[in-house]
Amino acid sequence: MSERTFSIIKPDAVKKGDAGAILAEIVKAGFKIVSIKKISISKSQAEGFYHVHSARPFFGELTEFMSSGAIVPMVLEKDNAIADLRKLMGATDPAKAEAGTIRKMFAASIGENAIHGSDAEDTAAFEIGYFFAGLELK
Ligand code: CMP
């Protein structure tokens, strides 16, 4: 069944000029881009987005990094989009990611790992609504 998920090309990948190549992998894997933009967010906006991780020791580092430069948030659609995007991204730690995955190809470390993807239906709904208004989601 067709499903929507949310993704962010993170500041490390945007800075390196890899956003276009990452988008090409996403499209090649069969995802339709429902909505996309290039923006920057503040540290407190990053804290709101990652609130489920607020007790983690890396929360400060994570939110500092996500507000350190431009990001490309997007809404993607295909059958089984949530699980399929996570497969395409590869493991959170690029050192553990399989060959051919986005993190294996483009990420440098567990903190600066090129791409985010929603991990479940409820988080996808929250994350889409955090970055996109209804009018942007035709
Ligand atoms: P993401 O999928 O965006 O969701 C939470 C993020 O926290 C994750 O990707 C990683 O980039 C980051 N993260 C997870 N573990 C660590 C860690 N040990 N140190 C720094 N960042 C981490």
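Mind checking region 15-113 for trypsin sites (Lys or Arg not before Pro) that DSSP puts in a loop (not H, G, I, E or B) and that have at most 16 other Cβ atoms within 10 Å?
Details: sites: Lys15, Lys16, Lys28, Lys32, Lys37, Lys38, Lys43, Lys78, Arg86, Lys87, Lys96, Arg103, Lys104; in loops: Lys37, Lys38.
Filter output for region 15-113: Lys37, Lys38.
What is the magnitude of the charge dipole of region 96-138 about its Cα centre, with +1 placed on the Cβ of each Lys and Arg, -1 on the Cβ of each Asp and Glu, and no other charges, expressed in debye to the nearest 20?
Numbers: 4 positive and 7 negative charges, 51 e Å.
Dipole magnitude for region 96-138 comes out near 240 debye.
Between Gly117, Gly60, Gly69, where does the largest GNM mean-square fluctuation fall for the chain, given springs only between Cα atoms within less than 10 Å?
Gly60
Read the figures in this text as sums done on the coordinates, not as results from a lab. All values reported here derive from a predicted model rather than from experimental measurement. Here the Cβ is made from the backbone with ideal geometry for all residues, glycine too, and neighbour counts use every protein chain on show.
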